[in-house]
């Protein structure tokens, strides 16, 4: 599933018709009646503008490719494929001084595939390895290409649900001590969005009712054993809960931010006799340390 971004919420870049014109003052590309934005905020390749046709420079053909692909398929698609689209479509299909196209004219997947014998420009977007440390990054000013690289770099500890840049800001706030996920209330909607926690609705309801905070729940999930001893959690759900530990690490911004486990396991001889106490004891018995 594509990540949510601020760009995907905007519709002003999306138009049915695009047209290009060469003039004395330079090359102009229009989205509807307005000039097409260069989309330098997606990936900065050619601040000077656009060009097309077989003689176009790598940089200007690539910038036009980004500006056409982002409204059509989103910023992730544009950053990943723009260099292929620049050669396959911008240089080889837009060969006239003036042109007019609609989005359906360049939807073909062939335009974003590498074809043998063609010389493609390089993809200059940052890789996760090249991305700076999150603590040293101004998240308000980075491009979407830089945002993508950061998200991949910190994928194992980055919450995956919702807006990606907001999640990077949230991760930074957790690391700085400005936000504490452990104090969050346990809500069914939150559990539904944790990666790997594919459990039935009634099992999610059990977790919501039994745990007061996400910190308490995460400690039980991550360090506990015998999860199926909790009334309402089947063996199958218990296995899925254990498989979702990586998703809880992402929610908390790292394993070190999951609270320590409070082991309250009792022996069978200590089990209370009343039915209500037995249900509570079943909950406590599921809180033992270690794993099955």
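Nothing in this text is a laboratory measurement; each read-out follows from the coordinates by a stated rule. No experiment lies behind these values; they were computed from the predicted model shown. Note that each Cβ is placed from the backbone with ideal geometry, even for glycine, and that neighbours are counted across all protein chains shown.
Judged by the mean number of other Cβ atoms found within 10 Å, the most tightly packed of the peptides 115-122, 47-54 leads the ranking 47-54, 115-122. Of 221, 42, the sequence from fewest to most neighbouring Cβ atoms within 10 angstrom is 221, 42. With neighbour counts taken as other beta-carbon atoms within 10 Å, the residues 134, 68, 35 rank, fewest first, as 35, 134, 68.
Any number yet on Rg/Rh for segment 84-175, C-alpha, Kirkwood? Ratio of gyration radius to Kirkwood radius for segment 84-175: 1.12.
With Cα atoms defining each centre, segment 34-73 and segment 205-266 are spaced 48 Å apart in the structure. Estimate the FRET efficiency between residue 115 and residue 24 by the formula 1/(1 + (r/R0)^6), using the beta-carbon distance for r and 45 Å for R0, to the nearest 0.05. Efficiency, rounded to the nearest 0.05: 0.80. For segment 1-135, pairs of C-alpha atoms spaced more than 22 angstrom apart make up 34 percent of the total.
Quick one: pull the percentage of alpha-carbon pairs in segment 134-175 with a separation above 13 Å. Distances greater than 13 Å cover 45 percent of the Cα pairs. Among 85, 28, the ranking by other beta carbons within 10 Å of each residue's beta carbon, starting with the fewest, stands as 28, 85. Largest mean-square fluctuation among 87, 140, 155, in a Gaussian network model of the chain whose springs join Cα atoms under 10 Å apart, belongs to 140.
Calculate I(q)/I(0) for the chain by the Debye formula, one identical point scatterer on each C-alpha and no solvent, and give its log10 at q = 0.10, 0.14, 0.16 Å⁻¹ to two decimals. So the normalised log intensities are -0.67, -0.97, -1.13.
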